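Before any comments, here is the structure.
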Amino acid sequence: MSQATDPVANLQTLIRCPSVTPQEGGALHALASMLAPMGFEVERMTFTEHGTPDIENLYARIGDGGPHLMFAGHTDVVPVGNEDAWTHAPFGADIVDGVMYGRGAVDMKGGIACFVAAVARHIEKHGAPAGSLSFLITGDEEGPAINGTAKLLQWAADKGERWDACILGEPTNPDTLGDMAKIGRRGSLTGVVTVIGTQGHVAYPHLADNPLRGMTQIAAALFDPPLDAGSDDFQPSNLEITTIDTGNTATNVIPARASAAFNIRFSDHWTVDSLKAEIERRIHAAAEAHGLRPDRASPIRFELEWKSPPSAVFLTRDDTLVSVVRSSIEAVTGRELELSTSGGTSDARYIKDYCPVVEFGLVGKTMHMVDECVDVADLETLTTIYERIIGDWFASRT
Ligand SMILES: [Zn+2]
């Protein structure tokens, strides 16, 4: 019989593995040791790519028929930072006054520990699931994410794996367990626009073209008007200019070039392509309407570079999955769940190309912080929620 039914013990085991990206730190080995005794077939693979660290990953499956529910996540954690600032050892998993401390407690070894416990309890009560369950776990979420979930999905799909739904166990709740699940994510697009001028002496501006004069016009056109007003499912799209640079250190020199980097988090009003077209239209319009000197004919010369890869916006439209997740969370916590698309990108952006995905995990308040921690009571509650999701999802599919 499996020993993995206790999420607290599972999490202590995982936290005590110092798996700071790209180190495996024993965490995937520990996870394999929890899953194999339950009957999972566990596979470990290392992905490599020139210029990035090699990364270990894990895929484990129990059952061979459908329907197939996947749990996805990562065992890697962000660095400790200033270890002296921690009041508890970052890889100690100490429990004090009902709170467990350690790097990865909520992001997201805690989510994995609870899902493992939920599966163990489900199997203990009901035997093997009425279909298949799998764990798709990477060690490269907090790093470059090159040798992680995207390759792992492709690797599994290439050998014939197909999934009907996925739960991603990232910490989604802002304050209290049961507050929020994520059913989609905004897209993300980054670009750099460079205005090309002519360097010269500030006292002889008729011999130079100041690129910053053009940049102010282009920056204004990027900011206004707003890209959209949002939608039922998404916040309004937002563009932020993150830096404007000339490389100029002299106060008596007009610089030759000025570059502005910007990032857009965008709603479902846009695709990557339509948004790129809108940004290009705005920059062209500003460039046509203005010059680099008061008396200088337009247009402004510029270059626009898109940074890759962009992230597409997505929304999960699987009523069964969403309603099972919602009803399970609300039944266990007694709270009203918000289905959100807020926040940054996550590995869900890769999973959504293979199957519908909903994200739900612990309370994220302390993620990436000194003294990252989780309420031990939350571990039990999340395990109960996951166990209910597993039971209800398979029941809804058969
Ligand atoms: Zn995470």
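The values are calculated or read from the model by the stated rules, or taken from the named source; none is laboratory data. Everything quoted here is computed from the prediction, not taken from an experiment. Note: ideal-geometry Cβ built from the backbone for every residue, glycine included; neighbour counts use all protein chains shown.
Restricting the range 168-204 to residues that are touching a residue at least 40 places away in the same chain (Cβ under 8 Å) and hydroxyl-bearing (Ser, Thr, Tyr) leaves a set whose member that is farthest from Thr383 (Cα to Cα) is Thr198.
Scanning the range 62-82 for residues being under 24 Å from the mean Cα position of the chain (by Cα), of a type in the set (A, V, I, L, M) and surrounded by fewer than 24 Cβ atoms within 10 Å (Cβ to Cβ) gives a total of 2. Within the range 237-261, the only residue that satisfies the criterion of being in a loop (DSSP other than H, G, I, E, B) and under 21 Å from Ser274 (Cβ atoms) is Ser237.
Residues that are within 16 Å of the ligand (Cβ to nearest atom) and within 21 Å of Val78 (Cα to Cα) number at least 3 in the following strands (runs of 3 or more DSSP E) confined to the range 101-219: 132-138. Every listed requirement among (1) free of Cβ contacts under 8 Å to residues at least 40 places away in the same chain; (2) surrounded by 22 or more Cβ atoms within 10 Å (Cβ to Cβ); (3) of a type in the set (S, T, N, Q) is met by Gln154 save one, (2). Checked against the criterion of being surrounded by 18 or more Cβ atoms within 10 Å (Cβ to Cβ), assigned to a helix (DSSP H, G or I) and either within 16 Å of the ligand (Cβ to nearest atom) or of a type in the set (Phe, Trp, Tyr) (or both), the candidates Leu35, Leu28 yield just one match: Leu28.
Just one residue in the set Glu278, Glu240 is surrounded by 15 or more Cβ atoms within 10 Å (Cβ to Cβ) and either modelled with pLDDT under 95 or of a type in the set (Asp, Glu) (or both); that residue is Glu278.
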